[in-house]
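Below is one structure, written out as structure tokens; comments come after it.
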Amino acid sequence: MSQRLPIIHGITEHDAGPYRLERLDLEFSNGERRRYERLHARGHGAVAVVPLLDAETVLLVREYAAGVHRYELGLVKGRMDAGETPAQAANRELMEEAGYGAHDLQVLRSLSLAPTYMSHQTHVVLARDLYPQRLAGDEPEPLELVPWKLADLGQLILQEDFSEGRTIAALFIVREWLQRHGT
């Protein structure tokens, strides 16, 4: 089924910190009019990096997560800088957060956080053929590195300190991609 996109009759913008809040005056194909709100990120997008130490082991990091006020296990991730490609941003973030660079970086796809009201996109990047390389980052403390077998993904997703949706989705995407394309 292919539906026609709603007509935007007007947009009102408001500053919302790192986002721009927009109020949309919409008209749907059946004539119904509604107001929707959406948040536009002010940056250039983000990356979630899936670094493989070997064909079976992903490198996770444990870092403080202010939103839930605890230490959370997840992927290397971060914002893209102006002019960076997703692969360049992924390699930089990997060096800053985990102390590795990657010779092989593949952008697999983009994920949205909450597409009904946010425009933010995170690029899932598979990083292989790692080598030691450290760049100074903006983390307030060193991050704990936690190797995890992809075969044990089912156990990982049940851990209380592993809850970030982009990380969970990225690991399943990479596992599926590796099964289809080989290691």
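The values are calculated or read from the model by the stated rules, or taken from the named source; none is laboratory data. This structure is a prediction, so every number in the text was calculated from the model and none was measured. Heads up, the Cβs are rebuilt from the backbone with ideal geometry, glycines too, and the neighbour counts pull from every protein chain shown. Accessible surface is based on the protein model in full, side chains and every heavy atom, while ligands, DNA and RNA are left aside. Shrake-Rupley method; radii C 1.70, N 1.55, O 1.52, S 1.80 Å.
Between helix 86-98 and the chain there is an angle of about 50 degrees, using the helix long axis and the longest principal axis of the Cα atoms. How big is D for segment 26-129, in µm² s⁻¹ as a whole number, if Stokes-Einstein is applied with the Kirkwood radius of its Cα pairs at 4 °C and 1.567 mPa s? D = 84 µm²/s. Restricting segment 117-183 to GluC sites (Glu not before Pro) that sit in a DSSP loop and have at most 12 other Cβ atoms within 10 Å of their own Cβ leaves 160.
In sequence order, segment 134-139 has phi-based couplings of 10, 10, 5, x, 9, 6 Hz under the Karplus curve 6.51 cos²θ - 1.76 cosθ + 1.60, θ = phi - 60°, and Gly or Pro positions carry x. The residues packed around residue 130, meaning those with a beta-carbon under 15 Å from its beta-carbon, carry a net charge of -4 if Lys and Arg are +1 and Asp and Glu are -1.
Database remark: amide H of residue 65 closer than 5 angstrom to the amide H of 70, 71, 72 (H placed geometrically; neighbours at sequence offset of 5 or more, or on other chains; Pro and chain starts carry no H).
What is the sum of charges, Lys and Arg at +1 and Asp and Glu at -1, for the other residues whose Cβ falls under 15 Å from the Cβ of residue 72?
Neighbourhood net charge equals -4.
Residues whose amide H lies under 5 Å from that of residue 76, counting only those 5 or more places away or on a different chain, are 49, 61; hydrogens are built 1.01 Å from N in the peptide plane. Here the relative contact order of segment 74-183, from alpha carbon pairs under 8 Å that lie six or more residues apart, stands at 24 percent. Peptides 120-131, 80-91 ordered by packing proxy, namely the average of other Cβ atoms within 10 Å per residue, highest first: 120-131, 80-91. Converting phi to 3J(HN,Hα) with the Karplus coefficients 6.51, -1.76 and 1.60 and the offset θ = phi - 60°, segment 161-175 yields 8, 10, 10, 6, x, 5, 5, 4, 4, 4, 5, 5, 4, 5, 4 Hz in sequence order, with x at every glycine or proline.
Rolling a 1.4 angstrom probe over the protein heavy atoms with all chains in place gives segment 1-145 an accessible area of 58 Å² per residue. The share of accessible area on segment 1-156 that comes from carbon and sulfur is 50 percent, using a 1.4 angstrom probe.
Protein-only accessible surface at a 1.4 angstrom probe places the residues 152, 15, 161 in the order 15, 152, 161, largest first.
Helix-only arithmetic for the chain: the sum of -39500 (n - 2.57) across DSSP H runs with n ≥ 4, divided by the residue total, places the mean residue ellipticity at 222 nm at -5500 deg cm²/dmol.
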